[in-house]
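The values are calculated or read from the model by the stated rules, or taken from the named source; none is laboratory data. Just so it is clear, the structure is predicted and the values come from calculations on it, not from any experiment. With ideal geometry, Cβ positions are generated from the backbone for all residues, glycine too; neighbour counts draw on all protein chains shown.
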Amino acid sequence: MNQLEAWEDSPYPDVGMYSVYQPLVTANLTSDFIQGSIQFLPGLAQNWTVSANGTTYVFNLQPKVTFSNGDPFNSYEVWAEMYGFYYLTDNASTWLNGFPIFNMSNVDFGPATISLLNQSGLNSPSPQAIALMSNESWPIYAPNPNQIVFRLSNPFVWFPGTLVSTVGLIFDVNFVLKNGGFGTPTSINTFFNQNPIPGTGPYMFTQVAENEFIKLSQNPTYWGKSLSQATIAANPALDPGHVPNVLINNRPDDISRYTDLSTGAADISPVFQTNWNLVTANPNKFGYTVLPPESGLTLGLALNTQIYPTNITLVRQAIVHAINYSDIDSTIFYGQVSPWVGPEYPAWPQFYDLGNFAPYQYNVTLAEADLTAAKVNVSNFPTLTFPIDENCGFCTASSEIVQSDLAAIGINVNLVVMTGSNWCAILCNGYSTEMQDPSQVGSISQLAGIVAAPLGLTPADYWIDFVSNTSPIDNQAIYYNPTVQSCVNELTSNENISQIQSICAKAQAQIYSDAPYAWWGVGGLWYGAGSMVYLKSVIKSFYLDPTWTGYDQLPLFNTVTFV
């Protein structure tokens with residue numbers, strides 16, 4: 001529940017996404033993906049402008065917006081949230097989900113600054129606080145209460161896509177300051193775990209019982225409750241909602257979730273592989289969500305490039321050719337996985353698979369030839385460790401196929417099933433953290449524990465997450481290569497598409513050859529082997545998260561309409 005965790009890809013699932021916490025800009029929910037050109041719409045910003053050189057974005061905020069507790073929404077709230085995240089990342093220049101797009105060299109935001117803001121408050125800040133927040137030598141500044149400016153180091157045409165989720169979701173920092181503040185980079189304030197920070201959205205949290213339930217109620221002061229039907233139809237993210245209350249019960253196991261649905265105790269619920277056949281066997285009763293083909297919800301394995309023997313390129317090549325991908329797809333994912341050449345995904349066709357490579361193929365002969373070429377004796381290999389999140393219903397089944405496939409070429413794998421928190425403790429870290437002790441990560445791991453999803457809508461996202469040394473999460477292969485990093489740098493600093501394509505084509509070839517990942521494919525079901533299921537007799541329609549990835553396991557509650 002603690003929105004302060006957003007900088008490290010938490011909270012997950014983000015229960016309040018759009019329903020409670022709204023972004024400055026929203027993605028067009030009605031069009032799936034517009035190929036290669038995502039449409040961004042007004043959110044808490046009614047409009048925005050971009051400078052001629054592509055480096056300065058000025059967002060003009062919606063007027064007369066308040067948080068659900070009555071605090072006014074203004075540019076000072078946005079300013080304090082952005083720099084609060086910078087502080088919680090221990091002043092990392094890549095604080096915005098790993099994107100190296102700001103020059104933070106002039107920024108001095110820390111305990112003294114937070115103390116000043118705490119004394120002043122953000123509703124009617126003191127002249128001293130306003131002088132700080134309007135300081136144009138910092139990359140983000142508030143020239144007045146109704147405008148927030150982001151000045152980038154270099155042009156980045158997809159910048160709005162970094163604000164549609166996670167750190168882009170706006171909450172009441174004034175409330176944070178009144179209740180102990182941000183905490184520290186090593187100890188985030190946990191008060192908000194069960195005392196959610198107010199948002200500006202159509203719903204607000206009204207009750208939290210840990211490990212039991214969460215209740216949301218419609219926000220009576222929601223700024224968008226009088227929007228026209230035409231406006232809402234064009235931008236459903238702003239919908240004021242259709243029921244007064246939403247109750248979310250915690251059902252940690254798949255059987256309980258399916259049982260609640262089948263008995264009518266729940267109207268919408270995620271259902272995983274364990275009971276998926278029961279859903280598909282009853283199409284008159286159950287409906288379920290299917291991802292568009294441009295989705296970024298991806299499946300695959302990370303191969304630790306820093307420990308023996310997976311630090312040998314030819315060994316990794318052998319592994320990616322030893323896996324029977326079609327067997328995994330048909331057995332575990334119901335034939336819903338489309339082959340994928342990572343790290344880019346099909347939403348950005350101008351950058352996807354620039355080398356025109358074929359997805360890795362199951363070829364035992366080639367795998368054995370790779371091992372021979374590596375001049376290694378697999379009988380001397382240590383047993384490879386494969387940590388598995390017990391919350392992933394299909395991970396054990398799919399990893400057993402991988403274990404069997406690798407055994408066929410003489411590589412032994414030990415499957416280590418652990419709690420989600422223990423899995424995340426060793427694998428939910430940034431590149432620099434994982435580099436400190438690569439051995440703890442294991443030899444092989446499932447992407448993001450279950451499936452991987454981009455944090456924003458930009459073609460740079462997966463390059464940063466999977467193969468960059470600024471990765472905040474998901475570079476479980478602990479992979480870095482200068483040629484590849486050049487592509488990351490160009491994507492976040494160059495407007496010339498042909499130049500980006502030329503450099504990223506070389507990076508794509510490098511990754512394909514280095515094989516730090518065994519890319520399985522892009523999932524069709526919301527969780528890879530399951531999806532969000534609803535009762536057709538009750539639910540008419542709803543939208544899910546704006547990045548079409550399953551980052552949030554729940555529907556956007558304000559968009560749910562009824563039969």
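Among the candidates P145, P155, P127, P185, the residue that is touching a helix residue (DSSP H, G or I) at 6+ places or on another chain (Cβ under 6 Å) and over 21 Å from L4 (Cα atoms) is uniquely P145. Residues in the range 207-237 that are in contact (Cβ under 8 Å) with a residue 24 or more places away in the chain and more than 19 Å from L44 (Cα to Cα): V208, N211, E212, F213, I214, K215, L216, S217. For the range 131-154, the tally of residues that are over 21 Å from V25 (Cβ atoms) and charged (D, E, K, R) stands at 1. Which is of a type in the set (A, V, I, L, M) and more than 19 Å from N97 (Cα to Cα), of V173, V167, V157, V149? None of the others qualify; the one that does is V173.
Would you be able to say whether some residue in the range 138-148 is assigned by TED's automatic domain parsing to the domain that holds E77, among the hydroxyl-bearing types (S, T, Y), under 20 Å from L44 (Cβ atoms) and assigned to a loop (DSSP other than H, G, I, E, B)?
Applying the first criterion (assigned by TED's automatic domain parsing to the domain that holds E77) to the range 138-148 yields 138-148.
Next, from what is left, pick out any that are among the hydroxyl-bearing types (S, T, Y): 141.
Keeping just the survivors that are under 20 Å from L44 (Cβ atoms) gives 141.
Now narrow it down to the ones that are assigned to a loop (DSSP other than H, G, I, E, B): none.
Scanning the range 138-148, I find no residue that is assigned by TED's automatic domain parsing to the domain that holds E77, among the hydroxyl-bearing types (S, T, Y), under 20 Å from L44 (Cβ atoms) and assigned to a loop (DSSP other than H, G, I, E, B), so the answer is no.
Here I409 fits the description: of a type outside the set (D, E, K, R) and at pLDDT 95 or above.
With respect to (1) closer than 20 Å to W340 by Cβ; (2) more than 19 Å from the chain's Cα centre (by Cα); (3) not hydroxyl-bearing (S, T, Y), the lone exception for A448 is condition (2). Please indicate, with yes or no, whether at least one residue in the range 352-372 is assigned by TED's automatic domain parsing to the domain that holds T310, touching a helix residue (DSSP H, G or I) at 6+ places or on another chain (Cβ under 8 Å) and under 30 Å from P11 (Cα atoms). No, because not a single residue in the range 352-372 is assigned by TED's automatic domain parsing to the domain that holds T310, touching a helix residue (DSSP H, G or I) at 6+ places or on another chain (Cβ under 8 Å) and under 30 Å from P11 (Cα atoms). Within the range 200-217, which residues are under 20 Å from Q22 (Cβ atoms) and assigned to a loop (DSSP other than H, G, I, E, B)? Correct list: T200, G201, P202. Can N118 be described as out of contact with any His (no Cβ under 6 Å at 6 or more places or on another chain), in a helix (DSSP H, G or I) and more than 22 Å from Q62 (Cβ to Cβ)? Considered against the rule, which asks whether it is out of contact with any His (no Cβ under 6 Å at 6 or more places or on another chain), in a helix (DSSP H, G or I) and more than 22 Å from Q62 (Cβ to Cβ), N118 comes out as yes. Considered as a group, the residues in the range 281-307 that are out of contact with any Phe, Trp or Tyr (no Cβ under 8 Å at 6 or more places or on another chain) and over 22 Å from T30 (Cα atoms) include one that is surrounded by the fewest Cβ atoms within 10 Å (Cβ to Cβ), and that residue is N284. Among the residues in the range 374-393, are any closer than 30 Å to W526 by Cα, without any contact (Cβ under 8 Å) to a residue 60 or more places away in the chain and part of a helix (DSSP H, G or I)? No, that holds for no residue.
If we only count strands (runs of 3 or more DSSP E) wholly inside the range 447-563, which ones have 1 or more residues that are of a type outside the set (S, T, N, Q) and buried (at least 22 other Cβ atoms within 10 Å of the Cβ)? Outline the logic, then answer.
On the way: elements: 517-523, 531-535, 539-541.
Of the strands (runs of 3 or more DSSP E) lying wholly inside the range 447-563, those with at least 1 residues that are of a type outside the set (S, T, N, Q) and buried (at least 22 other Cβ atoms within 10 Å of the Cβ) span 517-523, 531-535.
Within the range 105-144, the set of residues being touching a residue at least 24 places away in the same chain (Cβ under 8 Å), of a type in the set (G, A, S) and either surrounded by 13 or more Cβ atoms within 10 Å (Cβ to Cβ) or within 25 Å of S68 (Cβ to Cβ) (or both) comprises G121, A129, A142. The lone criterion from (1) modelled with pLDDT of 95 or more; (2) over 22 Å from V157 (Cα atoms) left unmet by L427 is number (1).
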